[in-house]
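These notes are about the structure you will find just below.
The values are calculated or read from the model by the stated rules, or taken from the named source; none is laboratory data. This structure is a prediction, so every number in the text was calculated from the model and none was measured. With ideal geometry, Cβ positions are generated from the backbone for all residues, glycine too; neighbour counts draw on all protein chains shown. The protein model used for the area step is the full one, side chains on, heavy atoms only, and it has no ligands, DNA or RNA in it. Shrake-Rupley method; radii C 1.70, N 1.55, O 1.52, S 1.80 Å.
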Amino acid sequence: PYALDCPAPNIRTRAQAALEDFERAHDIDSKNSEILLFEGITDWKLGRFDEAARNFRHGPDSSAYYFIWEYLADAKRNRISHDLAEDAAKVKTTDWPVAVVHLFAGSAQPQAVFDASAQGDQFTRSQQTCEADFYVGEWKLAQGDAAGGKELLTKAANDCLTDAVELNAAKTELGRLP
């Protein structure tokens, strides 16, 4: 889809086209949860945080990525008021990216995320480190640490593999920052 590979300067026009694609795809296969996830991520990139949160809330409760992206949308809307620990307990994995879930739920620190991202083969570590940089960077922004968040988002924007969702999400977020 357009939203996953478009560079930040073109994100508005290409992401709008991607949203149309996601709507058509959802009409064809309304049970495919990945469609909602990527539609929500595209909404998030466009700054449509209410729409993004709505998509993430309709995803499976057991998905770490739905939990993570719902947190990111809620953080942008200043609406992290629900019981994150209760929601985090519904996530049914002990593998990556569960450390990010624990960070967002308040039961882990950033170093635990970075330690977890260092597991696996070289390719897996590269992907997970990219995600860790992006998600911890976003968490730092939500905690009021703009400098720390920007540093990690810059690292993600520079180091993520070209097909990583977090690469363009980091570039988009950096474009929003002062």
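Hey, got a sec? Which trypsin sites (Lys or Arg not before Pro) in segment 44-138 land in a DSSP loop and have at most 15 other Cβ atoms within 10 Å?
R77, R79, K90, K92
Which FRET efficiency, nearest 0.05, do A112 and A17 yield, Cβ-Cβ r, R0 25 Å?
Details: r = 38 Å, r/R0 = 1.53.
Efficiency for this residue pair is about 0.05.
Rounded to the nearest whole Å², what accessible area per residue is found for segment 85-178 with the 1.4 Å probe?
Heavy-atom SASA per residue in segment 85-178 reads 49 Å².
When the chain is fully extended, how far beyond the present Cα-Cα distance does R79 get from E34, taking 0.36 nm per residue of separation?
Fully extending the segment from R79 to E34 adds 13.8 nm.
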